[in-house]
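Structure first, commentary second.
A short reminder: the numbers here are calculations on the coordinates, not readings from a lab. Just so it is clear, the model here is predicted, and its values are computed rather than measured. Every residue, glycine as well, gets a Cβ built from its backbone with ideal geometry; the counts of neighbours run over all protein chains shown.
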Amino acid sequence: MKKIKTVGLLLASTATVFLFSRFEKKPEQRPNILLILADDLGYSDIGCYGGDIKTPNLDGLAARGIQFTHFYNTARSCPSRASLLTGLHPHQAGLGAMVDNRTDAPGYLGELNDKCVTVAEVLHSAGYSTYMTGKWHVANSQDGSDKHNWPVQSGFDHYFGLISGASSYFDPKMLAYDNDTILSTPPGFYLTNAISDTTVNFIDRHMQNSPDKPFFMYVAYTAPHWPIQALPEDIARYKGRFDAGWDKLREEKLKRMTKLGLIKPEWDIKGEDQGIPAWDEVTNQDWELARMEVYAAMVDCMDQGIGRIIDKLEEKGEMDNTLIIFLSDNGACAEVWTPENPWASNFGPKVTRDSLIVDYSNDGSKLPGSPDTYHSYGRGWAHYSNTPFRGYKSGTYDGGISSPFIVYWSGKTVNNKTLREQLAGIVDIMPTLVEVSGAEYPDIYDGNAIIPMEGQSLVGAICNNEEIERDAYYVEHIGNRGMINNNRWKVVKSGNQLWQLYDLKNDRTETNNLSGQMPEMTKKLSDKWERWAWRARVLPKPGKKVD
């Protein structure tokens, strides 16, 4: 197969040429759809959710649209992407765990199975042109040896991005354009900008070649997933911004969130997290500040790119005919590695394009941000990013599974109340887009019986603030379990711990465990989770791994 040896031709300018075929005309009422997914973004990182990071473009979409306050993901990258793409619980789609954890259990195949369809396949069958840029991470084979469920084989007309789950932003390990593996990138390459600029190019060429056909554009940024690497000019924008430290900054953020209506007065918002020192006890403050400055720069760069995408829609006269959705795949990430166990080195290069040895120490011996570093931003800042919630990515406390969720749809949303408090989740995206597009979700696809959608359409909630017909939202990931019942009661369990019970109406920060006071309610809801787990292929748990 022909290999692309550089992506310079893809990224040099918006005049980049892509070849697309012409299609037939669309009915006027069907909107374009732009679905934007951030990676490891905390619930309250961006401005419209109370954050310190400059995100004027996302804030602008929220100001003209609506925000959900109780929107849930499925705790981690692979499961959330599987659920977003299919409208199923991740185990039903074969991705209950991660792509590199393939087993003999049907819920843990490590890739999308043949019992699901992607939203791209469904919308493509309804006459949409379908494009994707960014991180795929739902295919077991990530090295290019087997492409049977890469994006172009899964309903997308064109694709540019990262097949695997993480890599250097300056010199990615595994990029692809359509079915071609990109072996090297040009000087000055930065992945977030590449995703943004290629999205702009896709829109540009679509409007040139198929202006009468709607498009579905899935933009899956890798930012701000580790490694924390950013452009110097973006990092410079945050020098000194976080010098007060995470204790004081969190207090300031809580005040902003309360003013915005995101926090209820009855919640306990102290939010102490064992293992996080008080800021004045931190010994290597310069390193800790640099970590947050780089992380913020990564989010800022993503927002700048979203601004360029919006500008292109405005230029083409398509902004008023485009439904835009933004969310994160899970809560903020507290993952770390050490010089003794540098497991993240599996995802990045050993040396930079300038022959510098990449530092994976992640221990404060070197400041982060440059191409020759590969670090994470740590538990203290992740706790700050998830304000006011407890927990992190991979876990099922609200800090692990709560996502910012912004919807912009010109002229369609009721703006007298921009916050939506309905219980909603990532499994609802497929049915929402099916309704918006007028597509039909299939019973059979390519000769395979397809599992019916699990989610609910959010169109009524988005447009008219209607209630959603749902009594519960379920989640499980690597032994971490959770269920929100009637947007009030939540049972949650990590590993071999006992089930805990929380009243989210009065205690969404999950501070007061009521399981001892309400054992019957705890058992009733945990039994309900167990029944769902058997139905949704969470159980049985996997036995042996499969090569």
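Quick notes
- In the structure shown, the pairs LYS135/LYS528; LYS147/LYS541; LYS270/LYS493 are assessed against 25 Å; a Cα-Cα span above that value is assigned to LYS135/LYS528; LYS147/LYS541.
- Relative packing of 198-205, 186-193, which averages over residues the other C-beta atoms within 10 Å, highest first: 198-205, 186-193
- Positive-end residue, the chain charge dipole about Cα centroid, Cβ charges, pick of TYR408, GLY348, ILE450: ILE450
- Per-residue packing, averaged as other Cβ atoms within 10 Å, sorts the ranges 520-531, 336-347 into the order 520-531, 336-347, beginning with the highest.
- The chain: relative contact order in percent, alpha carbon pairs under 8 Å with at least 6 residues between: 24
- Charge tally around GLN304: other residues with Cβ under 10 Å, Lys/Arg +1 each, Asp/Glu -1 each, net -1.
- Note on LYS264: aspartates and glutamates with a C-alpha under 16 Å away, same-chain residues under 8 apart excluded, are GLU251, GLU252, ASP398, GLU421, ASP503, ASP507, GLU510.
- Taking other Cβ atoms within 10 Å as a rough exposure proxy, SER210, SER328 sort from fewest to most as SER210, SER328.
- Zero-based 10 Å bins, Cα pair distances in region 446-547, whole percents: 13, 37, 30, 16, 4, 0
- Span per principal axis, largest first, for the Cα atoms of region 69-207 (Å): 43, 37, 33
- Each Lys or Arg adds one and each Asp or Glu subtracts one; over the other residues with Cβ under 12 Å from the Cβ of VAL152, this totals -3.
- Stokes-Einstein, applied to the Kirkwood radius of region 132-184 over Cα pairs at a viscosity of 0.692 mPa s and 37 °C, places its translational diffusion at 302 µm² s⁻¹.
- Sequence ranges 119-126, 162-169, ranked by mean other-Cβ count within 10 angstrom, highest first: 162-169, 119-126
- Rounded to 5, percent antiparallel among DSSP beta bridges of the chain: 55
- Think of each Lys and Arg Cβ as +1 and each Asp and Glu Cβ as -1; about the Cα centre, that makes the dipole of region 29-470 roughly 560 debye.
- For region 265-337, trypsin sites (Lys or Arg not before Pro) are listed when DSSP marks them as loop and at most 13 other Cβ atoms sit within 10 Å of their Cβ; the list is LYS270.
- Candidate aspartates and glutamates for bridging to LYS393, where Cα separation is under 13 Å - those fewer than 8 sequence places away on the same chain excluded: ASP39, ASP40, ASP329, GLU335, GLU476
- Distance from region 394-445 to region 162-189 (C-alpha centre basis), Å: 30
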